[in-house]
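Computed from the coordinates by the stated procedures, all read-outs in this text should not be read as laboratory data. Everything numeric in this text was worked out from a predicted model, so none of it was measured. Positions of Cβ are generated from backbone atoms using ideal geometry, with glycine treated the same way; all protein chains shown enter the neighbour counts.
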Amino acid sequence: MTYFTFPNAPPLPEAEKLRGEVRAFLAEELRNVPAHVRAASWSGFDAQFSRRMGERGWIGMTWPKQYGGHERSSLERYVVLEEMLAAGAPVAAHWIADRQSGPLLLRFGTEEQRQSVLPKIAAGELFCCIGMSEPDSGSDLAAVRTRAEPVDGGFRVNGTKLWTTYGHRAHYMLLFCRTSGGPADRHKGTSQLLVDLTLPGITIRPIADLSGAKHFNEVVFENVFVPGSALIGEEGNGWHQVTSELAYERSGPERFLSSFVLFAELIRVLQRNPSDHATIAVGRLISHFVVLRQLSRGVAWLLQNGENPALEAAVVKDLGALVEQEMPDVVRSLVEIEPGSEQTRELARTLYYIVQAAPSFSLRGGTREILRGIIARGLGLR
Ligand SMILES: Cc1cc2nc3c(=O)[nH]c(=O)nc-3n(C[C@H](O)[C@H](O)[C@H](O)COP(=O)(O)OP(=O)(O)OC[C@H]3O[C@@H](n4cnc5c(N)ncnc54)[C@H](O)[C@@H]3O)c2cc1C
């Protein structure tokens with residue numbers, strides 16, 4: 001019996017040509033950016049950088065041309081993603097819209113939504129945020145309480161969203177909410193709205209993370225009137241839609257490359273003081289990366305072929321987060337970091353950032369326990 005499918009994605013010559021272009025672009029863009037800044041990578045927000053990505057056609061790469069896309073393959077898109085992450089490019093501004101909001105609108109959105117929003121996303125001009133989690137609804141997403149009451153011409157929205165990444169910089173939120181029924185209905189009666197975050201009645205308050213950075217937010221809706229044209233797909237179909245959005249959210253190489261800049265910095269330092277011990281530890285990590293990449297490209301290939309790789313994505317995300325979170329310990333075990341040492345200063349700064357960011361790697365996008373529950377269900381164990 002086959003439980004998981006990780007196809008061998010074929011080599012693609014045009015993707016390798018593209019890799020050279022992306023590397024040249026990044027070498028120029030990131031020339032003077034130190035590793036501890038690049039370490040933020042897909043949490044790093046730079047609207048101008050996203051615009052330059054859009055100009056090169058590297059956002060919405062697989063989407064139809066009629067919506068501003070470029071009709072390239074998912075493996076070409078994969079090359080752009082992995083090069084961005086390996087180099088630590090500040091891709092956060094467009095990341096969510098490129099990864100999941102755009103594909104969701106392509107699949108379920110109205111023609112008007114597609115035409116008005118997708119070309120701007122692809123141009124790197126319009127940013128989106130994810131409105132799923134709430135104070136009492138994280139892992140248990142079906143417990144969502146934010147309510148969009150149908151009223152004349154649209155919906156009246158009340159409720160609070162939490163941990164909304166870059167909600168304060170985004171133009172639109174993809175809001176998961178209840179439009180009918182109550183908690184007893186659970187999966188029924190939920191919908192998704194494309195909410196313009198400038199509407200009156202929306203308050204966005206930043207929340208500081210462990211490092212003091214303010215990238216996520218609490219977003220409060222108080223009697224916000226949202227026009228009926230904002231409904232994505234069908235009213236009451238929210239659960240089906242939001243779970244397919246989560247498959248996009250969990251499927252990319254960002255789920256195992258969050259500590260990669262630290263890894264590269266470690267190698268830079270070790271090259272000056274090689275040892276058998278370090279070679280073995282680095283070799284072990286590289287073998288993990290090679291396997292994760294192979295699996296992850298298989299997920300990209302499944303997406304390319306119109307399949308739903310939710311189960312395979314959960315496997316890659318869970319295994320990937322283990323490697324991402326192990327990295328700071330590996331660095332500490334291999335390098336003596338002396339205060340004031342010029343040789344290890346940048347490694348120490350990068351380590352400092354990753355130590356504080358790492359706990360979130362197995363929370364954001366679905367916790368470890370939830371992913372393992374999905375995997376167990378896929379194996380027929382639950
Ligand atoms: C950096 C970061 C960015 C984020 N960005 C966004 C965003 O942009 N938009 C958004 O909507 N959300 C976002 N989130 C929220 C994230 O999706 C939630 O934190 C996550 O889903 C967990 O929900 P929770 O925090 O409510 O924890 P809970 O669901 O309360 O879980 C607490 C603990 O209990 C465990 N647990 C819960 N249920 C079960 C179960 N059934 N079986 C076993 N264990 C269980 C969990 O694994 C976890 O360890 C972000 C989170 C982080 C850390």
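Annotations for the structure displayed:
- Working from label points 7 Å from Cα in the Cα-to-Cβ sense, the residue 3 to residue 185 distance is 3.5 nm.
- Most to least packed among 17-30, 307-320 [average Cβ atoms within 10 Å]: 307-320, 17-30
- Computed on the range 88-137, the Cα convex hull volume stands at 101 Å³ per residue.
- Separation of the residue 346 and residue 381 label points, Cα + 7 Å toward Cβ, nm: 4.3 nm
- Computed from backbone phi with θ = phi - 60° and the Karplus coefficients 6.51, -1.76 and 1.60, the 3J(HN,Hα) list for the range 16-21 is 6, 5, 4, 4, x, 5 Hz; x is used for glycine and proline.
- Estimated vicinal HN-Hα couplings, Hz - the range 270-276 in sequence order (Karplus 6.51, -1.76, 1.60; Gly, Pro = x): 5, 4, 7, 10, x, 8, 4
- The mean sequence separation of alpha-carbon pairs under 8 Å and at least six residues apart, normalised by the residue count of the range 130-237, gives a relative contact order of 30 percent.
- Nonlocal amide H pairs with residue 190, under 5 Å, H built at 1.01 Å: 179, 236, 238, 239
- Residues residue 199 and residue 145, FRET efficiency given R0 of 25 Å [Cβ-Cβ distance, rounded to 0.05]: 0.80
- For the range 13-127, the equivalent ellipsoid derived from the alpha-carbon gyration tensor has semi-axes of 24, 16, 11 Å in decreasing order.
- Ratio of Rg to Rh for the range 130-237: 0.97 [Cα atoms; Kirkwood radius as inverse mean 1/r over pairs].
- For residue 146, distant residues with modelled amide H under 5 Å away: 160, 178
- Binned Cα-Cα distance frequencies in the chain - 20 Å width, integer %: 27, 58, 14, 0
- Its Cα gyration tensor gives the range 262-354 an equivalent ellipsoid. The semi-axes, each the square root of 5 times an eigenvalue, are 33, 13, 10 Å from largest down.
- For the chain, the relative contact order comes to 18 percent (Cα pairs under 8 Å, sequence separation of at least 6).
- Remark on residue 154: its backbone amide H falls under 5 Å from those of 228, a criterion applied only to residues 5 or more positions apart or on other chains, H modelled at 1.01 Å from N.
- If the chain linking residue 29 and residue 290 were pulled fully straight, counting 0.36 nm for each residue of separation and taking away their Cα-Cα distance, it would gain 91.3 nm.
- Residue ranges 339-348, 324-333, 136-145 sort as 324-333, 136-145, 339-348 when ordered by packing (mean number of other C-beta atoms within 10 Å per residue, highest first).
- Residues in the range 53-59 carry Karplus couplings, in order, of 4, x, 4, 7, x, 9, 10 Hz; the curve used is 6.51 cos²θ - 1.76 cosθ + 1.60 with θ = phi - 60°, and Gly or Pro positions show x.
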